[in-house]
Amino acid sequence: MERTESELIRQSWSAVSRSPLEHGTVLFARLFALEPSLLPLFQYNGCQFSSPEDCLSSPEFLDHIRKVMLVIDTAVTNMEDLSSLEEYLSGLGRKHRAVGVRLSSFSTVGESLLYMLEKCLGSDFTPATRTAWSQLYGAVVQAMSRGWDGE
């Protein structure tokens, strides 16, 4: 990552990370709107959610949102050396594969991430910021995709 791209990501993330649960909820609401077939993958105690709203208000799912926002935070913190997260991210990929997530769904997650950033940052979400985030997210997904290798 170039220095200016890193700065754009850090600046924009500092605004988002002040209220991760609120912004993470925006991300997942968008994700379920774009790809409703993902909703049944989220089950707790053998119960399926009847609607995205049920899911987004459940304590177990809010915990998942916190974890996802923490992964993004970790990627932002280590973006100059993402290779140090290689093992962690491919393990995360394996976990997602094990519960039935398709690798292709991560492009929808990426769209949802950009949507959330745009909603949070408004006019501060410039084309340059969008590009920087797209590159970072692409690198994270590439590392996670190693969890699908060998299928």
* To do: Would you mind getting me the FRET efficiency between T126 and E87? Use the beta-carbon distance for r and R0 = 30 Å, nearest 0.05.
  => 0.35
* Length gained when the stretch L103-S37 is fully extended (0.36 nm per residue, less Cα-Cα span) -> 22.4 nm
* **Percent accessible area from carbon and sulfur atoms, the range 26-151, protein chains only, probe 1.4 Å** => 53
* **Cut-off 19 Å (backbone N to label point 7 Å along Cα→Cβ of E22), residues of the range 125-142** => 125
* Measure nothing but the geometry: give the 0 to 90° angle between the long axis through the Cα atoms of 86-98 and the longest principal axis through the Cα atoms of the chain, rounded to 10°. => 30
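Please return the longest stretch of the chain lacking exposed loop sites, where trypsin sites (Lys or Arg not before Pro) count only if DSSP places them in a loop and at most 16 other Cβ atoms lie within 10 Å.
Numbers: sites that count: R18, R102.
Looking at the chain, 19-101 is the longest stretch - no exposed trypsin sites (Lys or Arg not before Pro) with at most 16 other Cβ atoms within 10 Å.
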* Asked: Cα-based Rg (one decimal) and Dmax (whole number) for the range 54-106, in Å?
  -> 12.8, 38
* Kindly provide log₁₀ I(q)/I(0) values, in the same order as q = 0.13, 0.15, 0.22, 0.25 Å⁻¹, from the Debye equation applied to equal alpha-carbon scatterers of the range 71-151. => -0.42, -0.56, -1.05, -1.23
* Relative to the longest principal Cα axis of the chain, at what angle does helix 127-145 sit, 0 to 90 degrees, rounded to 10? -> 50
* Amide H to amide H under 5 Å from Q43: which residues, 5+ apart in sequence or cross-chain, H placed 1.01 Å off N in plane? -> none
* Helix axis angle, 59-77 relative to the chain longest principal axis, alpha carbon, degrees -> 20
* **Cα pair count fraction exceeding 21 Å, expressed as % - the chain** => 44
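Measuring with a 1.4 Å probe in the full set of protein chains, what accessible area per residue, in whole Å², belongs to the chain? It would help to have the intermediate numbers written out before the result.
Working: 8270 Å² over 151 residues.
Accessible surface, normalised per residue, equals 55 Å².
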* **Alpha-carbon centroids, the range 42-63 and the range 90-151: separation in whole Å** => 22
* Asked: Sorted from largest down, what three extents in whole angstroms do the Cα atoms of the range 1-88 have along their principal axes?
  -> 45, 28, 22
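The values are calculated or read from the model by the stated rules, or taken from the named source; none is laboratory data. Since we're looking at a predicted model, the values are computed, not measured. Cβ sites come from the backbone with ideal geometry, for glycine too, and all protein chains shown count toward neighbours. Remember, those area values only see protein heavy atoms, side chains included, never the ligands or the DNA or RNA. Shrake-Rupley method; radii C 1.70, N 1.55, O 1.52, S 1.80 Å.
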